[in-house]
Amino acid sequence: MADSTSKLDFQLYCITGANYHPGRSVVDVVEQALIGGADIIQLRDKTSSKQDIRENAHKLRQLTKRYGVPLIINDHIDIALEVDADGVHLGQDDLSLAEARQLLGPDRIIGISTHSIEQGLAAQAGGADYIGVGPVYPTGTKPGRAAVTTSYVQEAAAQIRIPFVAIGGITLGNVDTVIAAGAKRICAVSEIVGADDPAAVCRAFKAKLKAAANDSEAQQPDFAGTGVIVNGVAQRTTARTVWELICQHSLEERRIVVELDGEIVVREEWSRTSIREGAAVELVHFVGGG
């Protein structure tokens, strides 16, 4: 995974979409989004020529550098390298994450579109720096793709440990529901770049995200940890669920069986099963077969 923590300190992710703003240039619209507070920009263009995409990439690289904001290129690794973009975003059917990392090196960002918790966990295990979770709602940018709904947002919030961004049909009218499902980062396309005033829309999104973050901090009680017994050893843990405990023991990618107070907990229930004071947990790791 890239050493890109600071670059991924974002809340509002904006993706280009020239079809949503005929008569206005991509650069002009993106600059308005940046003025409004967009934290990261992705150049996504599925219809233009490679040369047109390359020219816009160069222009957006200059613009995003001026604003100190990361630039991500969708699909085109060669263009990302040419313009010195901060990273790329890949779909499930694009170049593999491992191949992309080999081409890009260790320090550039790689984001992966995911449409299920299984894909999200696979991308995380494979070294993705962040994942897209969506489409949350039906969207014109993904015609024919079934919406994952806020159910996947909830699963990602419980199980994904790298940054994830909710995407797909998100508007100022429904973003509160997406945030309530556990999203701390959101992405919008048409709602931002198709607006008459992209800066105002970005400010409104950021205000909602900031308010939700402040509410979450205010409601978070002091938590000194829970006393549990793990594989016969007494310890205190800040894990609130079985899944969090598994992650604390770096077993999330292993084949394990979980027993809580003498009862087997199936994998599907790990993120929903709470850890109580005095609980006895057995984490049995299978290291081979035969």
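The values are calculated or read from the model by the stated rules, or taken from the named source; none is laboratory data. Keep in mind the model is a prediction, meaning the values are calculated, not measured. All Cβ positions, even for glycine, are placed from backbone atoms using ideal geometry, and neighbour counts span all protein chains on display.
Details
- Given (1) over 23 Å from ILE40 (Cβ atoms); (2) modelled with pLDDT of 85 or more; (3) assigned by TED's automatic domain parsing to the domain that holds GLY168, number of the condition ASP215 does not satisfy: (2)
- Residue ID - surrounded by the most Cβ atoms within 10 Å (Cβ to Cβ), chosen from residues in the range 251-290 that are of a type in the set (Gly, Ala, Ser) and closer than 17 Å to ILE229 by Cα: ALA279
- Residues (touching a residue at least 40 places away in the same chain (Cβ under 8 Å) and out of contact with any strand residue (DSSP E or B) (no Cβ under 8 Å at 6 or more places or on another chain)) located in the range 140-158: GLY140, GLU155
- Summed over the range 106-156, residues that are under 18 Å from LEU8 (Cα atoms) and of a type in the set (Lys, Arg) total 1.
For every residue, the table says whether it meets (1) without any contact (Cβ under 8 Å) to a residue 40 or more places away in the chain; (2) in a loop (DSSP other than H, G, I, E, B).
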residue	(1), (2)
ALA38	no, yes
LEU63	yes, no
GLU82	yes, no
HIS89	no, no
ASP94	yes, yes
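- Among the residues of the range 134-159, the ones that are of a type in the set (A, V, I, L, M) and crowded, with 21+ Cβ neighbours inside 10 Å come to 4 in all.
- Residue in the range 16-39 that is in the same structural domain as ASP197 (by TED's automatic domain parsing) and closer than 25 Å to GLN102 by Cβ present: no
- For the criterion of being closer than 25 Å to ILE77 by Cα, of a type in the set (Lys, Arg), in contact (Cβ under 8 Å) with a residue 24 or more places away in the chain and not in a loop (DSSP other than H, G, I, E, B), ARG101 passes.
- The set of residues in the range 40-52 being under 21 Å from PHE10 (Cα atoms) and assigned to a helix (DSSP H, G or I) is empty.
- In a residue-by-residue description of the range 80-87, the property of being assigned by TED's automatic domain parsing to the domain that holds GLN154, in contact with an Asp or Glu (Cβ under 8 Å, 6 or more places away or on another chain) and buried (at least 22 other Cβ atoms within 10 Å of the Cβ) applies to at least one position.
- Subset tally (residues that are without any contact (Cβ under 8 Å) to a residue 40 or more places away in the chain and within 24 Å of PRO143 (Cα to Cα)) for the range 44-55: 8
- Whichever residue in the range 12-36 is part of a loop (DSSP other than H, G, I, E, B) and within 23 Å of GLY111 (Cα to Cα) and, among such residues, is farthest from the chain's Cα centre (by Cα): GLY17
- Hits in the range 72-111 - residues which are β-branched (Val, Ile, Thr) and under 22 Å from THR47 (Cβ atoms): ILE72, ILE73, ILE77, ILE79, VAL83, VAL88
- If only residues of the range 111-121 that are under 11 Å from the mean Cα position of the chain (by Cα) and outside any helix (DSSP H, G or I) are counted, the one that is surrounded by the fewest Cβ atoms within 10 Å (Cβ to Cβ) is SER113.
- Top-ranked residue in the range 122-133 [being crowded, with 16+ Cβ neighbours inside 10 Å and in contact (Cβ under 8 Å) with a residue 40 or more places away in the chain; ranked as farthest from ALA166 (Cα to Cα)]: GLY127
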